[in-house]
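Only one structure is covered here, and it is reproduced in the block below.
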Amino acid sequence: MYPAQVGYYKPESLGEALDFLEKHESKIIAGGQSLIPMLKLRILNPKYLVDIGDLKELSFIREGDVISIGATTRHSELVSKRLPGAEIIQETASKVGDVQVRNMGTVGGSVSNADPSADYPAMFSALEATMVIRSKAGTREVNALDFFKGPFNTALGQSDILEQVKVKPLRGYKQVYRKIVRRAGDFALVGLALVLKANAGVVEDVRIAFTGVSDKPYRAIKAEEALRGSKLDSSSISKASEIAVEGVNPPSDSRGSSMYRKEVMKRLLRNTLEEMKDAS
Ligand SMILES: Cc1cc2nc3c(=O)[nH]c(=O)nc-3n(C[C@H](O)[C@H](O)[C@H](O)COP(=O)(O)OP(=O)(O)OC[C@H]3O[C@@H](n4cnc5c(N)ncnc54)[C@H](O)[C@@H]3O)c2cc1C
């Protein structure tokens with residue numbers, strides 16, 4: 001199936017893109033990895049596409065007290081970049097789709113698309129990243145926890161552009177992104193982003209975020225609370241894994257049933273925490 005006829009505009013700067021978006025009913029295209037299939041299925045029928053995919057001013061990885069990742073940075077660029085204090089970003093990027101998807105797809109596209117099974121939303125929720133949004137009215141910053149509102153729904157307005165994602169490095173944290181898939185290169189049945197800091201075997205801080213189990217990234221706050229201040233042992237791990245699935249109602253779809261997803265969540269968290277315990 002082909003997309004319906006659509007106008008195409010390729011701005012030379014972020015300013016030009018923002019001008020166009022404000023004046024015309026349009027949709028941003030970056031890597032096109034999620035948008036093109038939606039156009040082909042005619043789920044979306046915008047009048048214009050605004051192609052920001054090659055905007056150099058949005059393609060950067062800056063390190064320092066804060067790590068900043070520009071929206072048009074490709075997944076593959078993050079695969080080849082180890083970011084101290086945010087190592088989970090590299091691991092997550094390496095697990096997105098296949099090589100072709102990683103070469104074309106962008107960080108901004110993945111985050112803005114807010115697919116409930118995508119990898120970055122859970123990972124950035126665990127890192128408590130800040131989304132920097134640009135519009136003609138100015139710049140605003142939204143915490144990841146408030147940014148993701150529901151399936152394919154974010155804090156972005158019609159004429160907004162996600163400019164960059166900012167992350168505070170979590171030095172001394174163990175960081176892991178695990179993903180259970182039915183086929184290589186597929187979206188997650190369940191994905192887990194876990195960052196944890198322990199001192200003498202006692203959990204100082206932990207953040208647990210799942211993908212594929214809710215209409216947006218799911219932070220297992222109660223499990224985090226149960227672990228914080230506890231000795232990381234089999235008993236606390238088992239308890240936290242049970243708590244993590246309380247009150248969650250994952251979807252049932254072609255990848256797996258709700259009940260199966262809950263079981264996978266529990267085991268994924270337990271096994272990952274056990275590995276962290278053994279490595280400490
Ligand atoms: C075969 C295949 C397998 C995949 N597997 C995975 C996977 O395992 N895990 C995973 O997480 N994803 C997966 N994806 C999705 C992939 O990661 C996409 O690259 C990503 O979701 C969208 O990035 P994009 O740059 O291609 O965005 P596009 O498709 O260009 O855009 C996606 C949406 O975001 C909007 N948008 C894009 N950039 C911005 C911006 N800067 N500001 C505001 N809005 C913006 C667009 O308007 C559109 O609504 C897969 C895709 C394919 C085709």
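Worth a mention:
- Sequence-distant residues sharing a close amide H with Asp115 (under 5 Å, placed H): Phe152
- Shown in residue order for the range 45-51 are the 3J(HN,Hα) couplings computed by the Karplus curve 6.51 cos²θ - 1.76 cosθ + 1.60 at θ = phi - 60°: 9, x, 6, 10, 9, 10, 8 Hz (x for Gly and Pro).
- Separation of the range 200-240 from the range 49-120 is 26 Å, based on Cα centroids.
- A simple rule links phi to the HN-Hα coupling: the Karplus curve 6.51 cos²θ - 1.76 cosθ + 1.60 with θ = phi - 60°, which for the range 68-74 gives 10, 10, x, 4, 8, 4, 6 Hz, with x for Gly and Pro.
- Couplings for the range 153-167, taken from phi via the Karplus curve 6.51 cos²θ - 1.76 cosθ + 1.60 with θ = phi - 60°, read 9, 9, 6, 6, x, 4, 9, 8, 10, 6, 8, 7, 10, 10, 9 Hz in order; Gly and Pro are left as x.
- Amide proton proximity set for Phe187, modelled H, under 5 Å, gap of 5+: none
- The H on the amide N of Ala198, modeled in the peptide plane, is under 5 Å from the matching H of Lys174, Glu204, each at least 5 residues off or on a different chain.
- Global form of the chain, assessed from the alpha-carbon gyration tensor, a/c cut-off 1.5: prolate
- Filter on Lys10/Lys216; Lys166/Lys277; Lys10/Lys179; Lys81/Lys166; Lys10/Lys47 - keep pairs with C-alpha separation over 26 Å: Lys10/Lys216; Lys166/Lys277; Lys10/Lys179
- Within straight-line cross-link reach of Lys197, aspartates and glutamates at Cα separation under 17 Å, skipping those fewer than 8 residues along the same chain: Glu87, Glu128, Asp205, Glu224, Glu225, Asp233, Glu274, Glu275, Asp278
Values in this text are rule-based calculations from the coordinates and carry no lab data. Keep in mind that this is a model prediction, so the values were computed, not measured.
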